[in-house]
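See below for the structure under consideration.
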Amino acid sequence: MDAAPATDGRRTREWGDLLVVADGAYELRHRSDRGVPRSDLSARDPASFRGFVRSDDDGRYRPFAGERSLPTGWVLSDLDGRELLRAVAAVYPAAVEEWADDADPVPYREVAARQTGIYERVSNLSREQLIDVTEAVCGNCAKRREWDERAGDALPVDRGEGPLPCREPCSFLVAAAREVLVDEPPEEQPPEQPAADVPPGDLTDPANRYRVRYRRAGGTHTTTHR
Ligand code: SF4
């Protein structure tokens with residue numbers, strides 16, 4: 001990670017939605033909890049941390065690691081370097097390695113061509129559909145998108161910012177790409193708001209937050225049947 005700026009006598013670094021504090025030992029918390037007294041945060045056990053960060057503040061399963069739904073209000077304290085890396089990897093698996101490798105991004109069309117079985121169809125996604133699904137999914141991710149539709153052919157979608165690179169479309173993006181190629185029942189008016197009781201990972205439900213985000217992005221393109 002980059003050199004950290006000094007803040008209230010301690011050195012800090014944001015890493016996605018995490019805040020690393022270096023003060024002799026390391027401390028980890030949600031970046032939105034910057035400035036909150038440690039005593040006001042819930043101390044987490046590193047041994048159960050990986051399971052803890054898989055759910056959001058409302059207890060819903062988080063469908064991809066970068067989703068901007070990391071729970072808040074917790075702290076991991078007195079970590080050594082190894083424990084810090086293990087905790088960071090629990091939240092963003094392989095992100096430190098991807099950042100250090102600085103590998104070339106893999107474009108969407110290349111990832112789509114690799115898919116088999118029910119995911120083969122994602123090669124049929126039009127450029128317009130790809131733009132909208134990228135906006136819907138990557139627009140709610142803590143990573144900075146480096147991939148495009150094809151090498152040298154930038155998608156007109158905000159890449160996000162921050163130190164965590166995303167070098168190729170993740171499995172959730174691919175799953176969402178498959179789902180937007182499926183017709184919604186024509187007799188049903190799709191909901192305008194996501195339903196709180198629909199899991200973020202249930203892409204089959206028209207009230208799923210990513211399907212609503214896709215429609216808002218303009219996703220009204222021609223679809224095919226399952
Ligand atoms: S493809 Fe998009 S949603 Fe998936 S990890 Fe990369 S930036 Fe995040």
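Any read-out appearing in this document is the output of simple, stated calculations on the displayed coordinates, not a laboratory observation. Treat the numbers as computed from the prediction; the structure is a model and nothing was measured. Positions of Cβ are generated from backbone atoms using ideal geometry, with glycine treated the same way; all protein chains shown enter the neighbour counts.
Observations on the structure shown:
- Size of charge dipole - the chain - debye, nearest 20, with Cβ of Lys, Arg +1 and Asp, Glu -1, no other charges: 180
- The value of relative contact order for the chain, using C-alpha pairs under 8 Å at least six residues apart, is 18 percent.
- Ordering of 80-89, 128-137 by packing [mean C-beta count within 10 Å, highest first]: 128-137, 80-89
- Footprinting exposure proxy for TRP15, TRP74, TRP147 (fewest neighbouring C-beta atoms within 10 Å first): TRP74, TRP15, TRP147
- Cα-based Rg and Dmax for the range 5-142, where Dmax is the largest Cα-Cα distance (Å): 17.9, 55
- Quotient of Cα Rg and 2.2 N^0.38 Å for the range 103-217, N being how many residues it contains: 1.05
- Net dipole in debye of the range 6-93 [+1 Lys, Arg Cβ; -1 Asp, Glu Cβ; about Cα centre; nearest 20]: 240
- Considering only alpha-carbon pairs that sit under 8 angstrom and 6 or more positions apart, the relative contact order computed for the range 103-217 is 28 percent.
- Charge dipole of the range 103-217 (Cα centre as origin; +1 on each Lys and Arg Cβ, -1 on each Asp and Glu Cβ, all else neutral): 380 debye, rounded to the nearest 20.
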